[in-house]
Structures are given as C-alpha cells and as structure tokens.
Amino acid sequence: MISALISIVLPIVLCAGLGALWEKFKQPVDRAFVTSFVSNVGFPCLLLSSLDRPGLTLGRVAQTFVAGALAVGCFAVLGLLALKVLRLRDRRYLPALMLPNTGNLGIPIAYFVLGNDGLVFAVAFSTLIQIGHVTLGAWLASGHMSPRQLLKNPMLYALALALLKLGLHIEIPGPLAKTLDLLGGVTLPLMLFMLGISLAHLQVKSLSRSLFLSFVRVGGGFAVGLFLARALGLSPTAATAFIIQCSMPVAVLSHMLAQKYEGPSGEIAEMVLASTALTVVTLPLLVTIA
C-alpha cells in the first residue's frame with residue numbers, strides 16, 4: 001500500500017517541485033501561453049484520450065454523470081456553509097471546494113484499488129469534473145459566463161465527440177489516438193509545474209482557514225460520496241470508484257483559474273497542498289471504508 005501510494009504521489013511532488021525551482025532560479029515562463037494551451041488544447045485532448053478505453057459505454061458515462069452532478073450539488077452546499085462559517089462571501093473559493101482533483105490523483109488511485117474495472121467509472125466521473133471546471137468553475141472564478149463564451153469552449157466539443165464515439169462505437173484511428181495521447185499527456189505536468197511556480201511565492205497567511213476548508217473538501221466529499229453511493233444503489237465497483245473520486249483534494253486547475261482571474265490563488269495553493277496531504281494520510285482508511 002505505502003509503496004504504491006508513493007508511486008502515485010511522488011511524481012506530483014516532483015513536477016510541482018520543478019516548477020518551484022524554475023521560479024526560484026528566475027527562469028523564463030510564459031504563464032498566459034501555458035494557461036491558454038492547457039485550456040484550449042491539452043484538456044480537450046486529455047478528455048478524448050481518457051474516454052478511449054475498453055469497457056467504457058454511454059450507459060456507464062450517463063450513470064456516473066447523474067451521480068456526479070448530485071455530488072457536485074452537495075459539494076456546493078457544503079462549500080457555501082463552510083464559507084458562511086468563516087464569514088467569507090468570496091464565490092471564488094467555491095470551485096476549489098466543489099470540483100476535486102479527480103484527474104491526476106483520483107484516476108491513478110482508483111486504478112490502483114480497483115484495476116481496469118474501476119478505471120472506467122473514475123474516468124467518467126473525472127470527465128464531468130473537467131467540464132465543471134471550464135464552465136461552472138470559470139464562471140465562479142471570473143464572475144461572468146455568457147452563452148457565446150460557453151460555445152467557444154473546446155471542452156464542450158470534445159465531450160460531444162467523445163459521447164458520439166461511445167454511442168456509435170467508433171474507433172479512433174491509431175495515429176490520431178497517439179496524437180491525442182501526446183497532447184493530453186502534457187496537460188497534467190504543465191498544471192503541476194505552474195502550481196510549483198505559485199508555491200515558490202507562497203506566503204502562509206491563513207493556514208488555519210486553509211486547513212479547515214481542506215477538511216471540508218476531503219472529509220465532506222467522502223461523506224457525500226458514501227451517502228450517494230448507498231442511496232443510488234451503485235454497484236460495489238462503481239460505488240468505490242465514486243467514493244474515492246468524491247474524496248479527492250483541491251484540484252490544481254482551481255489554482256490555475258484563480259491565477260487567470262486574479263482570485264485568491266495563494267490561499268488556494270495552500271489548500272491544494274493541505275488537502276493533498278490530508279488525502280494521502282487518510283487514504284488507507286478511506287479505501288477500507290469505501
């Protein structure tokens with residue numbers, strides 16, 4: 001268990017650490033380009049390549065989307081209550097509490113625990129969360145979202161293509177599939193690299209608040225996942241994958257959105273670190289209960 005957990009977490013730490021060192025040595029980086037590339041190229045390719053997996057059907061995606069949408073609604077309620085307790089009226093904290101790190105942490109953990117059978121459910125849930133980041137998350141972080149902006153979002157078209165592929169059982173040609181894998185594969189390292197750059201300037205100003213919100217994200221997410229999995233009667237494999245994904249920490253993409261729209265990026269970076277550490281520590285207990 002410990003060695004497998006280290007193999008999942010260590011690459012995340014190393015990628016973020018590289019970004020921090022890059023910034024400390026004052027090496028050049030075009031933040032605007034990286035953010036634009038990840039949003040407009042990396043994530044759509046990652047979505048299409050993630051859903052190109054054996055055993056993933058339109059029915060499984062739909063079932064997971066319904067459960068995931070209910071979970072995100074519950075996360076929103078918990079987040080609003082937590083912000084009210086802290087007397088924070090800043091909506092820009094909500095994406096971090098509502099949309100967990102289901103991609104570069106949740107999917108590997110689900111695969112480690114459940115194998116390929118659980119992977120298809122984890123990928124489907126992660127797809128919903130990715131769409132949530134670029135729609136709901138962007139709206140909360142920026143304060144505005146017009147239908148025209150939504151229609152310009154490449155993720156929506158990538159999702160439509162992915163669902164069409166699943167519904168019609170279309171095989172992606174080999175060269176195109178490899179291209180999607182290559183472009184999608186750079187997305188998570190770039191996000192972690194940018195997180196490291198932000199952490200290089202991190203000044204801990206409100207550690208107690210960040211710890212409290214991190215507990216709401218991980219502990220509250222676990223409680224919501226456990227309740228909904230039982231209430232919806234999910235199969236054992238689907239339920240375990242669902243609970244694992246609900247319990248994941250604050251997503252790196254929430255930090256990128258906060259940076260892009262000049263939100264509380266420093267405190268969200270603290271939450272990414274604190275909630276990830278909390279997930280790592282509690283993971284054995286989480287898996288046992290789930």
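The values are calculated or read from the model by the stated rules, or taken from the named source; none is laboratory data. As the structure is a prediction and not an experimental result, all values here were calculated from the model. Backbone-built Cβ (ideal geometry, glycine too); neighbour counts: all protein chains shown. Note: accessible area is taken over every heavy atom of the protein model, side chains too, but ligands, DNA and RNA are not part of it. Shrake-Rupley method; radii C 1.70, N 1.55, O 1.52, S 1.80 Å.
For the full complex of protein chains and a 1.4 angstrom probe, list Val34, Val186 by accessible area with the highest value first.
Final ranking, largest accessible area leading: Val186, Val34.
Return the sequence-ordered ³J(HN,Hα) values of the range 257-269 in whole Hz as given by the Karplus equation 6.51 cos²θ - 1.76 cosθ + 1.60 applied to θ = phi - 60°, using x for Gly and Pro.
Working through the residues one at a time gives 5, 5, 5, 4, 9, 6, x, x, 5, x, 6, 5, 4 Hz.
What do the square roots of 5 times the Cα gyration tensor eigenvalues come to for the range 1-97, in whole Å, largest first, as semi-axes of the equivalent ellipsoid?
29, 25, 18
What is the diffusion coefficient of the range 78-214 in µm²/s, taking the Kirkwood radius over Cα pairs and the Stokes-Einstein relation at 25 °C with a viscosity of 0.890 mPa s?
139
If we count every other residue with Cβ under 9 angstrom of Gly143's Cβ, Lys/Arg +1 and Asp/Glu -1, where does the sum land?
Charge balance near Gly143 sits at +2.
Of all accessible surface on the range 131-190 at a 1.4 Å probe, what whole percent is carbon and sulfur?
73
Using a probe radius of 1.4 Å on heavy atoms only, what accessible surface per residue do you get for the range 43-107? Whole Å² is fine.
43
To the nearest 10 square angstrom, what accessible area does Asp90 show with a 1.4 Å probe?
Here the residue's solvent-accessible area equals roughly 40 Å².
Ignoring ligands, DNA and RNA, what percent of the 1.4 Å accessible area of the range 226-290 is carbon and sulfur?
The computed percentage sits at 67.
With each run of n ≥ 4 DSSP H residues scored as -39500 (n - 2.57), what mean residue ellipticity at 222 nm is computed for the chain after dividing by its residue count and rounding to the nearest 500 deg cm²/dmol?
-23000 deg cm²/dmol
Would you mind computing Rg(Cα) / (2.2 N^0.38 Å) for the range 140-290, counting N as its residues?
1.25
What chymotrypsin sites (Phe, Trp or Tyr not before Pro) does the range 207-271 have in DSSP loop regions with at most 13 other beta carbons within 10 Å?
Sparse-neighbourhood loop chymotrypsin sites (Phe, Trp or Tyr not before Pro): none present.
Can you pull out the trypsin sites (Lys or Arg not before Pro) in the range 79-183 that DSSP calls coil and that have at most 16 other Cβ atoms within 10 Å?
Sparse-neighbourhood loop trypsin sites (Lys or Arg not before Pro): Arg87, Arg89, Lys152.
For Lys165, give me every one of the lysines with a C-alpha distance below 30 angstrom, ignoring sequence neighbours fewer than eight places off in its own chain.
Lys152, Lys178
Apply the Kirkwood formula to the chain: the hydrodynamic radius equals the inverse of the mean of 1/r over all pairs of different alpha-carbon atoms; give it in Å with one decimal.
By the Kirkwood definition, the hydrodynamic radius is 19.0 Å.
Given DSSP loops and a limit of at most 14 other Cβ atoms within 10 Å, what is the longest stretch of the chain that contains no such GluC sites (Glu not before Pro)?
The longest uninterrupted stretch comes out as 1-170.
Roughly how many percent of the accessible protein surface of the range 1-85 is carbon and sulfur, given a 1.4 Å probe and a whole-percent answer?
The value for the range 1-85 is 74 percent carbon and sulfur by accessible area.
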